[in-house]
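The values are calculated or read from the model by the stated rules, or taken from the named source; none is laboratory data. Please read these numbers as outputs of a predicted model, since none were measured by experiment. Cβ coordinates were reconstructed from backbone atoms using ideal geometry, including for glycine residues, and neighbour counts include every protein chain displayed. For the accessible areas, the whole protein counts, side chains as well, though only heavy atoms, and no ligand, DNA or RNA atoms are used. Shrake-Rupley method; radii C 1.70, N 1.55, O 1.52, S 1.80 Å.
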Amino acid sequence: MIDSSEAVRTDWTREEIAGLFELPFTELLFQAASIHRENHPADQVQLCTLLSIKTGGCPEDCGYCSQSVHADSGVKATKLMDVRAVLQSAAQAKDNGSQRFCMGAAWRNPKDRDMPAIVEIVKGVASMGMETCMTLGMLTPKQADMLAEAGLDYYNHNIDSSPEYYERVISTRAFDERIETLDHVRGAGINVCSGGIVGMGETREDRVGFVHTLATLPQHPESVPVNALVPVKGTVLGDMLADTPMAKIDDIEFVRTVAAARITMPLSMVRLSAGRESMSDSTQALCFMAGANSIFTGDKLLTAPNAGDDSDAKLFQRLGITALKGEEPLRACKVPEPAE
C-alpha cells in the first residue's frame, strides 16, 4: 500500500510552481517522468469513455462551451437519455477496453426530479464492473449523498482556469461555487475529478494559478483532466480566438502544464482530454512522458471530435503503451474506515 502522506504535498506556492514551468524543458520532463515512475506503472494509460447523456440548453455562459444557450454553435438541446440507451453505450465502451465510463449532462445543476434516473444509470453502469463518473454541474450535499449511495466512483467538476482568469470566461457561476461543489463531493465520499482548460487566451501565470489551486486543495483530485481549448465557431472564445496565434496553445507549453500537474499531484491520474484530436503523435508521446496516464477513447467528447479507438490503438502500439488494468494510486492508498 502506498503511503500518500510521504508522497503528497498540499502546501505548494505559486512561486514553486512557476519555477517548474521555467525549468529547461528536458529537466522538467525528467523530473515529471521520474515522479510518474515512482507512483504509477510506467507504460500504462487508463482508457475512459465519455458520453453526453443530456446535450445542449445549458443556461451557463461559459465562453468555451458549444452547449451554452448563449452560444450560436448549432448544438440542439436534448432531453436526458433513456437509461437503457446509456447502459448500451457503457457496455460497448467496456467491450472496447474502457475502464471508466464518464457521463456528462449540460445542466447548471440537476433538478431533484432528474435524480432517480441518474441514480439508476449509475447503478447500471457500476453493475457492469466499470468505474462510474458523472458531471452534472453544481450539486447540493443531498444530491452528492444520493450519488454516493448509488455507488458513483467519481464526480467531475472542473475549475477551468486560475481564479483570476476564471471571471473573464464565465459570469454565471463564481469560482468559489465550483470549489463548494468539490467540497460537497468530498463530503459524500466520492472521488474528485477536477481539471481545466488551457489555450483560452490566458497567460502562463494563469496556468500556474490553475495548477496551484488543484495542488493546494486539502486532498488532491484523484483525476486531473487537462484540456486544450477546441475553439468552436459560435462560442465567445471560438469567435474571439479564430484566426489568431492564440487559437492553439503551443505544444511545448501544453506539455509543461501536464508535467507541472504530475510533479505537484504525484498520485493523481492526469488525463489528456479535449484537444487531443488535433495533437500530433509526438506531442501526445511527450505528454505521456511528462506523466499523463489517462485518455478518453472514442470518436467524440460530448460534442467535440476525438482521436478515435483505431487511432489510439495504433499510437499505443507504436509507443509500447498498454491499457491500465489495476487500481489508481490515490484510491489504492485509501485505508477503509473500520466497521462500527
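If you go through region 151-186 and keep only what is small (Gly, Ala, Ser) and either open to solvent by 10 Å² or more (accessible area, probe 1.4 Å) or on the phi > 0 side of the Ramachandran plot (or both), you end up with 151, 171, 174. The residue of region 76-90 that is most open to solvent (accessible area, probe 1.4 Å), among those that are of a type outside the set (Ser, Thr, Tyr) and outside any loop (DSSP other than H, G, I, E, B), is 84. Using the structure shown, decide if residue 260 is open to solvent by less than 20 Å² (accessible area, probe 1.4 Å), part of a helix (DSSP H, G or I), more than 22 Å from residue 169 (Cα to Cα) and at pLDDT 85 or above. Considered against the rule, which asks whether it is open to solvent by less than 20 Å² (accessible area, probe 1.4 Å), part of a helix (DSSP H, G or I), more than 22 Å from residue 169 (Cα to Cα) and at pLDDT 85 or above, residue 260 comes out as yes. With respect to residue 337, determine if the residue is open to solvent by 50 Å² or more (accessible area, probe 1.4 Å), farther than 15 Å from residue 96 by Cβ, modelled with pLDDT of 70 or more and part of a loop (DSSP other than H, G, I, E, B). Here the answer is no, as residue 337 does not meet what is asked.
For every residue, the table says whether it meets (1) touching a Cys at 6+ places or on another chain (Cβ under 8 Å); (2) of a type in the set (S, T, N, Q).
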{"site": "30", "(1), (2)": "no, no"}
{"site": "38", "(1), (2)": "no, no"}
{"site": "44", "(1), (2)": "no, yes"}
{"site": "50", "(1), (2)": "yes, no"}
{"site": "53", "(1), (2)": "no, no"}
{"site": "60", "(1), (2)": "no, no"}
{"site": "64", "(1), (2)": "no, no"}
{"site": "67", "(1), (2)": "yes, yes"}
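The lone criterion from (1) open to solvent by 30 Å² or more (accessible area, probe 1.4 Å); (2) over 22 Å from residue 44 (Cβ atoms); (3) at pLDDT 90 or above left unmet by residue 305 is number (3).
When 190, 197 are checked against the criterion of being among the β-branched types (Val, Ile, Thr) and under 13 Å from the mean Cα position of the chain (by Cα), 197 stands alone in meeting it. Applying a threshold of 8 Å to beta carbon distances and a minimum spacing of six or more residues, or different chains, the list of pairs starting in region 218-241 at a residue that is part of a strand (DSSP E or B) and ending at one that is among the hydrophobic types (A, V, I, L, M, F, W, C) and surrounded by fewer than 22 Cβ atoms within 10 Å (Cβ to Cβ) reads 228/249; 228/279. Counting just the residues of region 91-150 that are in contact with a strand residue (DSSP E or B) (Cβ under 9 Å, 6 or more places away or on another chain) and among the acidic types (Asp, Glu), which one comes out surrounded by the most Cβ atoms within 10 Å (Cβ to Cβ)? Out of the qualifying residues, it is 131.
For region 242-250, the criterion of being in a helix (DSSP H, G or I) and among the charged types (D, E, K, R) is met by none of the residues. Scanning region 195-207 for residues that are at positive phi and in contact (Cβ under 8 Å) with a residue 60 or more places away in the chain turns up at least one hit. Taking region 126-151, which residues are touching a Gly at 6+ places or on another chain (Cβ under 9 Å) and assigned to a helix (DSSP H, G or I)? Listed by number, the residues that qualify are 126, 141, 144, 145, 148.
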